[in-house]
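See below for the structure under consideration.
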């Protein structure tokens, strides 16, 4: 028959258990404390909120934001007078249909849609080669360049940086400025608007395409390249298929933006419904102006709806 352990051993054992309990607290209690900590904003978060508030306040001061002026009696009177002068909208056949086929507000709407379609197609045609040349895993890195010379990789890197600079320049110049430049080159009309939208959106889409191409999984490209395919074949069969739905979605979104931009290009004589907006504002023809604004609203809503339907079907 064994004798019970001494009292000193029992006290030592109980102390060790107490220390273990302190070092390993209850998991439920630990999760609750962590959840409380996550719900409490940290000092860093508060600091960033204060900095953001200061930046917004300075920006509002620079832009002379004054909500009181917006809701003042004079401002309300001026806005109400504009609405009163524009009601009812001008729905006359002469204004809507014009005197010839290529005249009238409805033709300007059709012209705006055509400018956006041809402009975005031109942008895609320019963006694809620029995006390929501006992607690092196509020009100088990745499995396609394993074992290549340093000169080859350096020349590819130089091409990629140069192309990225071109894309930055194309999208840095606003489409309205491109429209003004092309109006001076090819004259007034929708062709200048097509060129303006195509060049500007080529920079935007090229940047988006290149960024997505660089974030793809290298395994499919490596598998295609190992079969003896060329680098261009590897791009179109190993890289692009991973991104097709995403690229289609972003292209359709840029088409929506192109329609909105096409309505403004008429201010510089690049065709579209913007011409009617300019003329009616200049001549203070508010009833015709309201009609043109309604046409722009219907056009944008229809484009958003059509783009969403196309995305669901294609993506």
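Exposed (fewer than 15 other Cβ atoms within 10 Å of the Cβ) and either out of contact with any strand residue (DSSP E or B) (no Cβ under 6 Å at 6 or more places or on another chain) or assigned to a helix (DSSP H, G or I) (or both): is that true of residue 294 in this structure?
Numbers: exposed (fewer than 15 other Cβ atoms within 10 Å of the Cβ): yes; either out of contact with any strand residue (DSSP E or B) (no Cβ under 6 Å at 6 or more places or on another chain) or assigned to a helix (DSSP H, G or I) (or both): yes.
Yes: the conditions hold for residue 294.
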* Asked: Has segment 274-292 got any residue that is under 25 Å from residue 125 (Cα atoms) and touching a residue at least 24 places away in the same chain (Cβ under 8 Å)?
  -> no
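Is it the case that segment 147-154 has a residue that's in a helix (DSSP H, G or I) and within 16 Å of residue 126 (Cα to Cα)?
In the first step, residues of segment 147-154 are kept if they are in a helix (DSSP H, G or I); the result is 150-154.
Next, only the ones that are within 16 Å of residue 126 (Cα to Cα) stay: none.
Looking through segment 147-154, none of the residues is in a helix (DSSP H, G or I) and within 16 Å of residue 126 (Cα to Cα).
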* Does any residue of segment 218-233 turn out to be in contact (Cβ under 8 Å) with a residue 24 or more places away in the chain and within 30 Å of residue 309 (Cα to Cα)? -> no
* Selection count, segment 305-315, where residues are in a helix (DSSP H, G or I), in contact (Cβ under 8 Å) with a residue 24 or more places away in the chain and exposed (fewer than 13 other Cβ atoms within 10 Å of the Cβ) -> 1
* Asked: Quick check, is residue 105 touching a helix residue (DSSP H, G or I) at 6+ places or on another chain (Cβ under 6 Å) and either under 30 Å from residue 199 (Cβ atoms) or at pLDDT 85 or above (or both)?
  -> yes
* Structure fact -> If we ask which residues in segment 108-144 are within 20 Å of residue 222 (Cα to Cα) and either surrounded by fewer than 18 Cβ atoms within 10 Å (Cβ to Cβ) or in contact with a strand residue (DSSP E or B) (Cβ under 8 Å, 6 or more places away or on another chain) (or both), their number turns out to be 3
* Structure fact -> Of the residues in segment 112-125, those that are touching a helix residue (DSSP H, G or I) at 6+ places or on another chain (Cβ under 7 Å) and farther than 13 Å from residue 260 by Cα come to 118, 122, 123, 124
* assigned to a helix (DSSP H, G or I), at pLDDT 85 or above and either under 30 Å from residue 292 (Cα atoms) or in contact with a helix residue (DSSP H, G or I) (Cβ under 9 Å, 6 or more places away or on another chain) (or both), is that true of residue 81? -> no
* Asked: If we only count helices (runs of 4 or more DSSP H) wholly inside segment 167-259, which ones have 1 or more residues that are under 20 Å from the mean Cα position of the chain (by Cα)?
  -> 175-186, 190-214
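So that you can scan it fast, the table gives a plain yes or no per residue for (1) touching a strand residue (DSSP E or B) at 6+ places or on another chain (Cβ under 7 Å); (2) closer than 27 Å to residue 115 by Cβ; (3) surrounded by fewer than 23 Cβ atoms within 10 Å (Cβ to Cβ):
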{"site": "160", "(1), (2), (3)": "no, no, yes"}
{"site": "175", "(1), (2), (3)": "no, yes, no"}
{"site": "180", "(1), (2), (3)": "no, yes, yes"}
{"site": "183", "(1), (2), (3)": "no, yes, yes"}
{"site": "194", "(1), (2), (3)": "no, yes, no"}
{"site": "213", "(1), (2), (3)": "no, no, yes"}
{"site": "222", "(1), (2), (3)": "no, no, yes"}
{"site": "228", "(1), (2), (3)": "no, no, yes"}
* Asked: Within segment 100-119, is there a residue that is part of a helix (DSSP H, G or I), over 30 Å from residue 204 (Cβ atoms) and in contact (Cβ under 8 Å) with a residue 12 or more places away in the chain?
  -> no
* Asked: Within the set of pairs 6+ apart or on separate chains, which have a first residue in segment 138-156 that is over 19 Å from residue 236 (Cβ atoms), a second that is part of a helix (DSSP H, G or I) and at pLDDT 75 or above, and C-beta atoms under 7 Å apart?
  -> 153/145
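The values are calculated or read from the model by the stated rules, or taken from the named source; none is laboratory data. Please read all numbers here as calculations on a predicted model, not as lab measurements. We place every Cβ from the backbone using ideal geometry, glycine too, and count neighbours over all the protein chains shown.
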